[in-house]
Amino acid sequence: MSSPPTIAIVGATGAVGQEALDLLARRGHPSARVRPLASGRSAGNRLAFGSGTVEARELTPQALLECEAALFCASAGIAREFAPAAVEAGVFVVDNSSAFRMAAEVPLVIPEVNGSLLSSSPAPRLVANPNCSTILLLTALEPVRRAFGLREVIVSTYQAASGAGQPAMDELRAQTRAVLAGEEPIPEVFTEPYAFNVFIHETSIDPATGMCGEERKMVQESRR
């Protein structure tokens, strides 16, 4: 493009959306070419962008159609509701949720591993990325796999509250204050108290394999 594309950040008020805004600002993307989109409740809020701010707008199909590209930093439900129509209208979409990771027609991309898929012909209009654990695992392992091959990988992950978004981080702060004050931590986002605690990932256990959802995702997404 002769000028920078207009990029929508869907879920701009969440933890991932704010990181996306920060990355664009640090890369020098002009604020006039950024469209922070969020729920109607957040419309009109000013969000940090570099040394200034940008205004959040309500997420609507029309708001997406005003952009050349969209970074979806929201839930899988939001992605399924809004991304297909945006793609159909010609918007290039990168989805950070789990909505399209296992869809055969959607490239699952880690740029350092299989970024060549982005330049395939015809170029993809919708791209998914794996969950955070899979991205870090394969970025580290891919050079080893190419050089020597791999037969088996044993993985242990210890995940932060931030993986469940802003509400989880807020809950961790509140629980930490409660514990330090001698009070009982009350779990709401998670099934167990998070402060000063370690527990199995809260996704369901598959009775056939004994794996939780996070383990299944890492196996399936790595194979893709």
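Can you list which of the trypsin sites (Lys or Arg not before Pro) found in the stretch 1-94 are DSSP loop residues with at most 16 other C-beta atoms within 10 Å? Walk me through the intermediate numbers first.
Working: sites: R26, R27, R33, R41, R46, R57, R80; in loops: R27.
Loop-located and lightly packed - R27.
So I have (1) 13.2; (2) 16.3; (3) 15.7, and one of them is mean projected area of the Cα convex hull in nm² calculated from this model. Which one is it?
(3)
How large is the helix-only mean residue ellipticity at 222 nm for the chain, computed as the sum of -39500 (n - 2.57) over DSSP H runs with n ≥ 4, divided by its residue count, in deg cm²/dmol to the nearest 500? Can you show the working numbers first?
On the way: 7 runs with 77 residues, N = 224.
Calculated mean residue ellipticity at 222 nm is -10500 deg cm²/dmol.
For the chain, calculate the relative contact order in percent as a whole number, restricting contacts to Cα pairs under 8 Å that are 6 or more residues apart.
Numbers: 323 pairs, mean separation 30.7, N = 224.
Result for the chain is 14 percent.
At 1.4 Å probe size, with the rest of the protein present, what percent of the exposed accessible area of the chain is carbon and sulfur atoms?
54 percent
Going by Cα centres, the stretch 1-66 and the stretch 100-169 are how many Å apart?
Spelled out, the Cα-based centre of one part sits 24 Å from the other.
Of all GluC sites (Glu not before Pro) in the stretch 1-103, which ones are in loop regions per DSSP and have a Cβ with at most 15 other Cβ atoms within 10 Å? Mind dumping the intermediate values first?
Values: sites: E19, E55, E58, E66, E68, E81, E88; in loops: E66, E68.
Of the GluC sites (Glu not before Pro), the ones in loops of the stretch 1-103 whose Cβ has at most 15 other Cβ atoms within 10 Å are E66, E68.
Given axes a ≥ b ≥ c from the Cα gyration tensor, I'd like to know whether the stretch 93-150 is rounded (a/c under 1.5), prolate (a/b larger than b/c) or oblate.
Numbers: a/c = 2.49, a/b = 1.47, b/c = 1.69.
Cα axes put the stretch 93-150 in the oblate bin.
Using Cα-Cα distances under 8 Å and only pairs 6 or more residues apart, what relative contact order does the stretch 73-133 have, in percent? Intermediate values should be presented prior to the final figure.
Details: 76 pairs, mean separation 23.5, N = 61.
With pairs under 8 Å counted, the relative contact order is 38 percent.
Pick out, in residue order, every one of the chymotrypsin sites (Phe, Trp or Tyr not before Pro) in the stretch 120-224 that is DSSP loop and has at most 12 other C-beta atoms within 10 Å; say none if there are none.
Details: sites: F148, Y158, F190, Y194, F196, F199; in loops: Y158, F190, Y194, F196, F199.
Answer in residue order: Y158, F196, F199.
The values are calculated or read from the model by the stated rules, or taken from the named source; none is laboratory data. Note that the structure is predicted; figures quoted are calculated from it, not measured. When we count neighbours, we look across all protein chains shown, and the Cβ atoms used for this are built from the backbone with ideal geometry, even at glycine. With ligands, DNA and RNA removed, areas are computed over all heavy atoms of the protein, side chains included. Shrake-Rupley method; radii C 1.70, N 1.55, O 1.52, S 1.80 Å.
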